[in-house]
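Here the structure comes first, spelled out in structure tokens, and everything after it is commentary.
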Amino acid sequence: MANPTTLDALGGGRVLYITGDISPTIEGLRITGGDAGSDSGGGVYIVNAAANLNNNRVFSNTAAYGGGLYLEQSAATLSGNTVTSNTAQYGGGLYLYDSDAATLSNNDVTSNTASTSGGGLYLRFSDAILSGNRVTSNVANGSGAWEGGGGLYLSGSDATLSGNIISDN
């Protein structure tokens with residue numbers, strides 16, 4: 001893409017807030033500078049919506065849950081996105097909560113950081129489908145019995161994983 005559109009919150013809140021009985025398609029954007037503070041979804045916050053996010057770059061966002069993206073009770077489809085250099089306490093790159101119908105395919109989740117768990121991805125009560133994703137070079141700094149998961153942290157989730165590469169976390 002020669003001239004990508006950048007949505008930059010400049011640290012003044014979330015970049016995108018998607019909620020309700022809607023199914024928007026978000027494609028080809030650079031999503032950055034989001035800061036949800038002690039809340040969720042610094043870059044993208046999706047609750048009760050079936051959004052389609054395709055070929056976006058989500059980077060340098062921060063939140064307590066899901067620095068890059070936060071999905072709750074969402075049937076979202078994420079495909080071909082790059083999620084990098086985001087930070088959170090839980091789910092540096094992505095945090096999925098109660099999102100059984102979510103599908104993540106062919107995404108690059110790299111160099112995200114969680115201060116507690118799920119550097120790349122944190123799935124809580126989310127039986128999502130993950131296929132063909134690359135989850136590399138993420139960090140989770142938690143050291144307790146229920147903390148960690150540099151690349152992927154599953155909590156009460158029977159997620160389906162197929163053909164993913166999870167390495168160097």
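The values are calculated or read from the model by the stated rules, or taken from the named source; none is laboratory data. Note that the structure is predicted; figures quoted are calculated from it, not measured. Every residue, glycine as well, gets a Cβ built from its backbone with ideal geometry; the counts of neighbours run over all protein chains shown. Only protein heavy atoms, including side chains, enter the accessible area calculation; ligands, DNA and RNA are left aside. Shrake-Rupley method; radii C 1.70, N 1.55, O 1.52, S 1.80 Å.
Some values worked out for this structure:
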read-out	value
Qualifying residue in the range 138-159 (condition: closer than 22 Å to Gly33 by Cβ and at pLDDT 95 or above)	yes
Matching residues, the range 84-107, being within 16 Å of Ser131 (Cβ to Cβ) and not charged (D, E, K, R)	Leu94, Leu96, Ser99, Ala101, Ala102, Thr103, Leu104, Ser105, Asn106, Asn107
Members of the range 20-29 that are surrounded by 15 or more Cβ atoms within 10 Å (Cβ to Cβ) and either in contact with a Lys or Arg (Cβ under 7 Å, 6 or more places away or on another chain) or among the β-branched types (Val, Ile, Thr) (or both)	Ile26
Members of the range 91-109 that are surrounded by fewer than 22 Cβ atoms within 10 Å (Cβ to Cβ) and among the polar types (S, T, N, Q)	Thr103, Ser105, Asn106
Condition broken by Gly156, with the remaining ones in (1) buried (at least 16 other Cβ atoms within 10 Å of the Cβ); (2) in contact with a Phe, Trp or Tyr (Cβ under 7 Å, 6 or more places away or on another chain); (3) closer than 27 Å to Asn48 by Cβ satisfied	(1)
Test: residue in the range 112-134 that is charged (D, E, K, R), surrounded by fewer than 16 Cβ atoms within 10 Å (Cβ to Cβ) and out of contact with any strand residue (DSSP E or B) (no Cβ under 6 Å at 6 or more places or on another chain)	no
Any chance Gly144 is under 19 Å from Thr77 (Cβ atoms), more than 16 Å from the chain's Cα centre (by Cα) and loosely packed, with under 14 Cβ neighbours inside 10 Å	no
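Let's see how each residue does on (1) part of a loop (DSSP other than H, G, I, E, B); (2) open to solvent by 60 Å² or more (accessible area, probe 1.4 Å); (3) more than 22 Å from Arg124 (Cα to Cα):
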site	(1), (2), (3)
Leu10	yes, yes, yes
Gly13	yes, no, yes
Ile18	no, no, no
Ile31	no, no, yes
